[in-house]
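Peer 1: Before we start, here is the structure in question, set down as structure tokens.
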Amino acid sequence: MKHLMKGIRIAAYITEIIVAGSTIVEFVEKYSSKRKKKDAASKVDTGNVATENP
């Protein structure tokens, strides 16, 4: 029984590491995609303004 509890604790630690890693990946994807969307939107906006003025 003692070895079973030790194995469960190790599995819990590994699970925590995996969840923390996936959370970090989600944050990185979230914030990096916003920058790409803003850059793409600003490029489209400047192109539309230039074609509408002449």
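Peer 1: Give the residues of segment 15-35 that are modelled with pLDDT of 90 or more and over 8 Å from the mean Cα position of the chain (by Cα), sorted by residue number.
Peer 2: Answer for segment 15-35, where residues must be modelled with pLDDT of 90 or more and over 8 Å from the mean Cα position of the chain (by Cα): 15, 16, 17, 18, 19, 20, 21, 22.
Peer 1: Conditions: (1) open to solvent by less than 90 Å² (accessible area, probe 1.4 Å); (2) modelled with pLDDT under 90. Residue 54 meets all but one. Number of the miss?
Peer 2: Checking residue 54 against (1) open to solvent by less than 90 Å² (accessible area, probe 1.4 Å); (2) modelled with pLDDT under 90, the one that fails is (1).
The values are calculated or read from the model by the stated rules, or taken from the named source; none is laboratory data. This is a predicted model, so every value here is computed, not measured. Each accessible area value is taken on the protein alone, full model and side chains, heavy atoms only, with ligands, DNA and RNA left out. Shrake-Rupley method; radii C 1.70, N 1.55, O 1.52, S 1.80 Å.
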